[in-house]
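What follows is a short report on a single structure.
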Amino acid sequence: MSELYKLGIKEAAEGLAAGAFSSVELTQAVIDRVHEKDGEIGAYLTFDEEGALAAAEAADEKRLGQGAQSPSLLGIPVAIKDLINVKGQPCTCASKILKGYVSPYDATVIRNLKAAGAVCAGRVNMDEFAMGSSTENSGLGVTHNPYDLSRVPGGSSGGSAAAVGGDLAIAALGTDTGGSIRQPASFCNIVGLKPSYGRVSRYGVTAFASSLDQVGPMTKSVEDAAMLLQVLAGHDEMDGTTPKESVPDYVKALEGASLKGVKLGLPKEYYEVSGVDPEVKRITDEAIKSCEAAGAELVEVSLPHTEYAMAVYYIVAPAEASANLARFDGVRYGHRSERSDDVFNLYARSRAEGFGPEVKRRIIMGTYVLSSGYYDAYYGRASKVRTLIRRDFETAFQKVDALLTPVAPTPAFRIGEVQDPLTMYLNDLFTIPGSLAGNCSISVPAGFAATEGAKLPVGVQFICDAYREEKLLAVGMAFETIVRG
């Protein structure tokens, strides 16, 4: 029973249904693992052990009464990224400006999790307000990669990835704006799924860039991701971007998953990028060969506006962030400066003291591109190019079923190694275009890079057209089967 923390969602659900162990035992095993390992990994910011065990006990009682009719995730602990509101728990967004804030309500994804019986177990670290690619931007502490403690876990969902990759969680929720689920998933040897924009409600999720943000599963297998997405997805009256359409059966879509006859597109612009680590290139090339050997048809495609994606993203995302973060002013909630003598100083000093350097940088960038005389030149033009990027993908998906690309240009880098913000931004080089287009994509473990004597995980990315998660999961499952042998 002591190693129950190693289980994924499917194995845990099967064990609970068979009576092999209880939810209390499963949750306690996770808690014990957190006590044992999180001192060196630093994935969690807070963990309400008493509340988690109480919820687990209630789940066990419910299972006794309902048996086979029990909800799908009943009694399974799930770690929560610290920008998703859970009633009665802190929601700091890893920022000093929200230190001490306790959420008065549940986000829709949390309501869905609780309805499915899951135990919301612990708040995990992240880059402050989800701005970063390494979790070094957290205002509340650094998280370490479980495969090499000297390296980053990726970001911004680094705490989620480290918790799942280090077996400190059965599964976790992350959020992805430009790559914040997929890149840390690649760094920590787990599956990370970014759903299509609008597939999952954002109500109760602290906004970074409202036209890009999505909540998604971070799990130990593709099937686990399908099970978790099944619970998260769907229309929500509280989020007008969620369409009123039925959600496919994602788990059933995995039955007989195969790459035979699947047309996999290889975007030539992604494979012409310089500066990609040789080990990442090797592992990606091996993945391509494995897919072809499994019966996939490889097709070269072109996404001609890819070269503009990074520039577009770093206009659109900071612009939306500058508007969204205006609410943190030291007046209504969160940190309030004690050195203010008028309203202007209250605003300025509260925000200067509460926000970290990266958040300030993006607020400044965003405010500039939205300012009078610059809106049309920057934000307006970026929005038009974003439409061209989306059309590139639509054209490609008329020829292929899915795209196969690297996730990040490098494996996990050392903590403190990347000081230049522009270099850090390049971590999302392969993930940002699909985010701008609103597509769904998944990072699946593909192998290990031999870098400086360390074995560092590397994933590959599959991208499908918007609202085709069932196809994406089937492709990911087929590839995962090949990798695991």
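Numerical summary
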| item | result |
| --- | --- |
| Residue match in the range 334-346 (condition: part of a helix (DSSP H, G or I) and surrounded by 16 or more Cβ atoms within 10 Å (Cβ to Cβ)) | yes |
| Top-ranked residue in the range 93-140 [being more than 25 Å from Asp239 (Cβ to Cβ) and either surrounded by fewer than 24 Cβ atoms within 10 Å (Cβ to Cβ) or among the acidic types (Asp, Glu) (or both); ranked as nearest to the chain's Cα centre (by Cα)] | Glu136 |
| Selection status of Ala321, crowded, with 17+ Cβ neighbours inside 10 Å, modelled with pLDDT of 95 or more and closer than 26 Å to Gly265 by Cα | no |
| Enumeration of residues in the range 197-224 that are touching a helix residue (DSSP H, G or I) at 6+ places or on another chain (Cβ under 9 Å) and on the phi > 0 side of the Ramachandran plot | Gly204 |
| Residue under evaluation Val407, criteria (1) more than 28 Å from Cys464 (Cα to Cα); (2) in contact with a Ser or Thr (Cβ under 6 Å, 6 or more places away or on another chain), criterion not met | (1) |
| Hits in the range 427-469 (condition: under 15 Å from the mean Cα position of the chain (by Cα), over 18 Å from Lys281 (Cα atoms) and either at pLDDT below 95 or in a helix (DSSP H, G or I) (or both)) | Ile432, Gly434, Ser435 |
| Pick from the range 405-419, criterion in contact with a helix residue (DSSP H, G or I) (Cβ under 7 Å, 6 or more places away or on another chain) and outside any loop (DSSP other than H, G, I, E, B), ranking: farthest from Cys188 (Cα to Cα) | Thr405 |
| Qualifying positions in the range 418-460 - without any contact (Cβ under 8 Å) to a residue 60 or more places away in the chain and among the acidic types (Asp, Glu) | Asp420, Glu452 |
| Residue in the range 290-299 that is modelled with pLDDT of 95 or more and either of a type in the set (Lys, Arg) or under 30 Å from Tyr378 (Cβ atoms) (or both) present | no |
| Of residues in the range 445-477 being out of contact with any Leu (no Cβ under 9 Å at 6 or more places or on another chain) and among the aliphatic types (A, V, I, L, M), the one farthest from Glu292 (Cα to Cα) | Ala454 |
| Selection count where residues are part of a helix (DSSP H, G or I) and touching a Lys or Arg at 6+ places or on another chain (Cβ under 7 Å), scope the range 354-402 | 1 |
| So Thr395, is it surrounded by 14 or more Cβ atoms within 10 Å (Cβ to Cβ) and of a type in the set (Ser, Thr, Tyr) | no |
| Conditions (1) modelled with pLDDT under 95; (2) closer than 24 Å to Asp213 by Cα; (3) crowded, with 16+ Cβ neighbours inside 10 Å; number of the one not met by Thr423 | (3) |
| Those residues of the range 262-289 which are polar (S, T, N, Q) and either surrounded by fewer than 17 Cβ atoms within 10 Å (Cβ to Cβ) or at pLDDT below 95 (or both), in sequence order | Ser274 |
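Per-residue answers, yes or no, for (1) aliphatic (A, V, I, L, M); (2) outside any loop (DSSP other than H, G, I, E, B); (3) surrounded by 24 or more Cβ atoms within 10 Å (Cβ to Cβ):
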residue: Thr175; (1), (2), (3): no, yes, yes
residue: Ser180; (1), (2), (3): no, no, yes
residue: Ser186; (1), (2), (3): no, yes, yes
residue: Ala209; (1), (2), (3): yes, no, no
residue: Gly216; (1), (2), (3): no, yes, yes
residue: Gln230; (1), (2), (3): no, yes, no
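The values are calculated or read from the model by the stated rules, or taken from the named source; none is laboratory data. Source: prediction; values computed, not measured. Cβ sites come from the backbone with ideal geometry, for glycine too, and all protein chains shown count toward neighbours.
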